[in-house]
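Shown next, in structure tokens, is the structure this report addresses.
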Amino acid sequence: MRPERDNVARTLALANQKGGVGKTTTAVNLAAYLAGSGQRVLLIDLDPQGNATSSIGVDKHSIQQSTYDVLIEGQPVADCVVAGVRPGLDLLPSNEILAGSEVELVGLRRREYRIREALEQTGDRYTIVVIDCPPSLGLLTVNALTAAADVVIPIQCEYLALEGLMQLINTIDLVKRRLNPGLDVLGVVMTMFDARTRLSVQVVQDVQRFFPSRMVQTVVPRTVRLAEAPSYGQS
């Protein structure tokens, strides 16, 4: 039996095994929006590249504790967060130290549940947790999916987008069957949409046809300002 989770924050995982799809930008802006709406939010950077950490204005090279310490060393989340990066928003940061963690996880007890069990110890400190997953389907992403109630899938409007999506959906289904029966796909977000190209329009139509009830109707356009925002620590 797994522990009851009634007092645990609702957890959203943003996942896609492809890089460059706008996943981190979506995660950071979603977390900032929810915090601005009055939620008590924790943003977890689960990507060894630490892009969510940098995007929100934290120097990933100067952090003393990180997601690695929670995931591998078993330290409490409260001891490792950067508190108040925005009003109502804490960050569990990441950097390159996390890169070898998937190898270390293999030998750990309940390796798929490390993030989930860490969050269960936070009680009612947060109302929502947003996890920015790495661009892979390894143990880091499996940890996020095991901890999450919902998955948000950003997809770039490009060739072979559906092929990658189906691979991710298969992984989500596997996690749901074996590790986390309550996991659900909350929505598919189309990113970097360019209305001038036939390909972008076609990809949106294809995703809408295959996932009519899961596709978020608002698409994120390709804009230079959005791409530049993380370099200024803006969300």
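So, restricting to helices (runs of 4 or more DSSP H) that lie completely within the range 65-145, which ones have at least 3 residues that are more than 18 Å from Gln39 (Cβ to Cβ) and touching a residue at least 40 places away in the same chain (Cβ under 8 Å)?
Ranges flagged: 114-120.
Could you run through the range 52-62 and say how many residues are touching a residue at least 24 places away in the same chain (Cβ under 8 Å) and either surrounded by fewer than 22 Cβ atoms within 10 Å (Cβ to Cβ) or within 23 Å of Asp124 (Cβ to Cβ) (or both)?
Residues flagged as touching a residue at least 24 places away in the same chain (Cβ under 8 Å) and either surrounded by fewer than 22 Cβ atoms within 10 Å (Cβ to Cβ) or within 23 Å of Asp124 (Cβ to Cβ) (or both) within the range 52-62 amount to 5.
Cβ contacts < 9 Å: first residue part of a helix (DSSP H, G or I), restricted to the range 176-199; second residue of a type in the set (Asp, Glu), any location; separation 6+ or different chain. Result?
Close Cβ pairs (under 9 Å, with a partner that is of a type in the set (Asp, Glu)) amount to Lys176/Asp184; Arg178/Glu112; Leu199/Glu158.
Please work out which residue is surrounded by the most Cβ atoms within 10 Å (Cβ to Cβ), limiting yourself to the range 147-175 and to residues that are among the acidic types (Asp, Glu) and assigned to a helix (DSSP H, G or I).
So, considering only residues that are among the acidic types (Asp, Glu) and assigned to a helix (DSSP H, G or I), the one surrounded by the most Cβ atoms within 10 Å (Cβ to Cβ) is Asp173.
Give the range 161-170 a look and list any residue that's free of Cβ contacts under 8 Å to residues at least 40 places away in the same chain and closer than 18 Å to Leu140 by Cα, or say none.
Ile169, Asn170
Tell me, which residue of the range 3-42 that is surrounded by fewer than 19 Cβ atoms within 10 Å (Cβ to Cβ) and in contact with a helix residue (DSSP H, G or I) (Cβ under 8 Å, 6 or more places away or on another chain) is modelled with the lowest pLDDT?
Pro3
Regarding Cys157, is this residue among the hydrophobic types (A, V, I, L, M, F, W, C) and either closer than 23 Å to Leu34 by Cβ or modelled with pLDDT of 95 or more (or both)?
No.
The values are calculated or read from the model by the stated rules, or taken from the named source; none is laboratory data. Since we're looking at a predicted model, the values are computed, not measured. No Cβ is skipped: glycine too gets one built from the backbone with ideal geometry, and neighbour counts run over all protein chains shown.
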